[in-house]
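*Asks:* Pasting a structure below so you can have a look.
Bear in mind that the values in this text are calculations on the coordinates, not laboratory data. Owing to the predicted nature of the structure, the values given are computational and were not obtained by experimental measurement. Cβ placement follows ideal geometry from the backbone for every residue including glycine, while neighbour counts extend to all protein chains displayed.
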Amino acid sequence: MYASIIKITFPNKFAKNSADMFLNPFVLEAAKDMGLLYRIVLTPKPEQRVAIQIYEDEQKSKEARKKFGDEKLTEIRDMGARIEIIEGKIEKFDNLLEIV
């Protein structure tokens, strides 16, 4: 499995809320058929959004980002947001609900 973590810091809460209204349904619709297995979205601060996306493998992650992500990230940057991306192979994934 492969993870892509995208941290976006918006100039204000309004910009973040506007992006959330678009991104939440858009990502699910666009990526669900491209290997997206799990997605967790956090709000560490009112003007921040952190999305943790888990894909089958690196290739699926890169394909999904190339197909729709890069364009949207550019649009978000144009709103004045800062974007940080961390990616990498998942070394360990414990599903504690299944451990007996």
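*Asks:* Can you bin the stretch 2-89 into rounded, prolate or oblate? Criterion: square roots of the alpha carbon gyration tensor eigenvalues sorted a ≥ b ≥ c, rounded for a/c under 1.5, prolate for a/b above b/c, oblate for the rest. Spell out each step's value before the answer.
*Replies:* Working: a/c = 1.80, a/b = 1.69, b/c = 1.07.
Prolate.
*Asks:* Scan the chain for chymotrypsin sites (Phe, Trp or Tyr not before Pro) in coil per DSSP, keeping those whose Cβ has at most 15 other Cβ atoms within 10 Å, and list them by number.
*Replies:* PHE93
*Asks:* Comparing ALA64, ALA30, ALA81, which has the greatest mean-square fluctuation in the GNM of the chain with Cα pairs linked when under 10 Å apart?
*Replies:* Per the Cα network of the chain with a 10 Å cutoff, ALA30 tops the list.
*Asks:* Taking the number of other C-beta atoms within 10 Å as the exposure measure, put GLU91, GLU63 in order starting with the fewest.
*Replies:* Listed from fewest to most nearby Cβ atoms, that is GLU91, GLU63.
*Asks:* Highest GNM mean-square fluctuation, the chain, Cα pairs closer than 10 Å: which of ILE83, ILE54, ILE40?
*Replies:* Most flexible of the set in this elastic network: ILE40.
*Asks:* Further question: So for the stretch 2-89, averaging the separation of alpha carbon pairs under 8 Å that are six or more residues apart and normalising by length, what relative contact order in percent results?
*Replies:* 48 percent
*Asks:* While we're on this one: So if I place +1 on the C-beta of Lys and Arg and -1 on the C-beta of Asp and Glu, and nothing else carries charge, what would the dipole magnitude of the stretch 2-89 be about its Cα centre? I want it in debye, nearest 20.
*Replies:* Result for the stretch 2-89 is approximately 260 debye, rounded to the nearest 20.
*Asks:* Helix 13-31 sits at what angle to the longest principal axis of the chain, using alpha carbons and giving 0 to 90 degrees rounded to 10?
*Replies:* Long axis of 13-31 versus the principal axis of the chain: about 40 degrees.
*Asks:* Then there is this: Rank the residues LYS89, LYS72 as a footprinting-exposure proxy: fewest other Cβ atoms within 10 Å of their Cβ go first.
*Replies:* LYS89, LYS72
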